[in-house]
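Let me begin by presenting the structure, written as structure tokens, before commenting on it.
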Amino acid sequence: MLRKNLLPRTLSDIGAVTFLLVMVQVIYWFELFLVLPQHYEGGNNYLYYFHCALGTWFMFNIVGNYVITFLQDTSIRGRFLASGEVKPNWRLCEVCETLVPPRSWHCPVCDVCILKRDHHCNFTACCVGHDNHRYFMMFLLHLSAATFYASYFNVIFLWNCTTFSFVGALKLIFPMAILVLGGDTSVLQMYRMFCVIALIGMIAAVSLFVYHSINIANGQVMHERVKRITDFDSGRAANLRHVFGQRWYLVWVSPFVRSELPCDGIDWDSVKKSTTKAK
Ligand SMILES: [Zn+2]
Ligand SMILES: [Zn+2]
């Protein structure tokens, strides 16, 4: 189901989305047409083409998972929530003026309740919840791997074009400031900036991926982790299926691999009951 109101609504969302979309494209072309050809003597050998293909597969997964995270509606809009009887653990959302299922929380930016809401992500300008959790995680996984991969070649690239001096170190530690303030406005300084952005991107993506993976393994969303709620922890394997679906072991291959989720994001009673029984 396609999300409504797709445009980013806050300045931080607009800034984060613009930065991410520009930098992902720029670093992709930078690696393929500058760093790799320099590493493989002009790029005229099979190893160069192998790395281009692998880099493009990472790019396909980053963009594909990002676009689906962004487009997929994971809110309560259009879902059949009313069923006559008042369910004991449902809450009233005063903004949406409706009863919402357990694990659903209102997002003030998206202005709607999100099923199994994890958090509002500035870089995708939408909430991460029950229906797009898998794509968000696969976006992070591929972004982590691709920036790590790029940083390996970038270190060699920088090694070959850095002078070992105090000024040389400053150019690497504060590449953007040196470039913007006119300390070094060369193209090479811009390349240094790309390398540092890829490295910072790697640290951020890996940290986020590890943090969210621990939550998923424990059957928690961010809010439940903070409040130490473990009601929906069904064991490692079941917790994985609740996010990545029945074919959880294949979702890293492509965003188009089908993997049915075992829960609709609304009825968490059965999950909770089976968890209680298991304990
Ligand atoms: Zn709401
Ligand atoms: Zn949101």
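Just a few scattered comments:
So that you can scan it fast, the table gives a plain yes or no per residue for (1) farther than 21 Å from Asn122 by Cβ; (2) of a type in the set (D, E, K, R); (3) crowded, with 17+ Cβ neighbours inside 10 Å:
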| residue | (1), (2), (3) |
| --- | --- |
| Val24 | no, no, yes |
| Leu36 | yes, no, yes |
| Gly42 | yes, no, no |
| Phe50 | yes, no, no |
| Leu71 | no, no, no |
| Thr74 | no, no, yes |
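- Scanning region 250-261 for residues that are over 16 Å from Val271 (Cβ atoms) and hydrophobic (A, V, I, L, M, F, W, C), we see that the one that is least open to solvent (accessible area, probe 1.4 Å) is Val251.
- When Leu54 is tested against (1) open to solvent by 20 Å² or more (accessible area, probe 1.4 Å); (2) more than 28 Å from Trp252 (Cα to Cα); (3) away from ligand 1 (no atom under 16 Å from the Cβ), exactly one condition is not met: (2).
- Lone unmet requirement of (1) assigned to a loop (DSSP other than H, G, I, E, B); (2) within 13 Å of the chain's Cα centre (by Cα); (3) more than 15 Å from ligand 2 (Cβ to nearest atom) for Pro102: (2)
- Of the helices (runs of 4 or more DSSP H) lying entirely inside region 143-249, those carrying at least 1 residues that are aromatic (Phe, Trp, Tyr) and surrounded by 19 or more Cβ atoms within 10 Å (Cβ to Cβ) are 187-217, 236-244.
- Of the residues Gly64, Gly78, Gly129, the single one that is touching a residue at least 40 places away in the same chain (Cβ under 8 Å), within 16 Å of ligand 2 (Cβ to nearest atom) and of a type in the set (Gly, Ala, Ser) is Gly129.
The values are calculated or read from the model by the stated rules, or taken from the named source; none is laboratory data. Remember, predicted model here, so these are calculated numbers, not experimental data. As a convention, Cβ positions derive from the backbone with ideal geometry for all residues, glycine included, and neighbour counts pool all protein chains shown. These area figures cover heavy atoms from the full protein model, side chains too; ligands, DNA and RNA do not enter into them. Shrake-Rupley method; radii C 1.70, N 1.55, O 1.52, S 1.80 Å.
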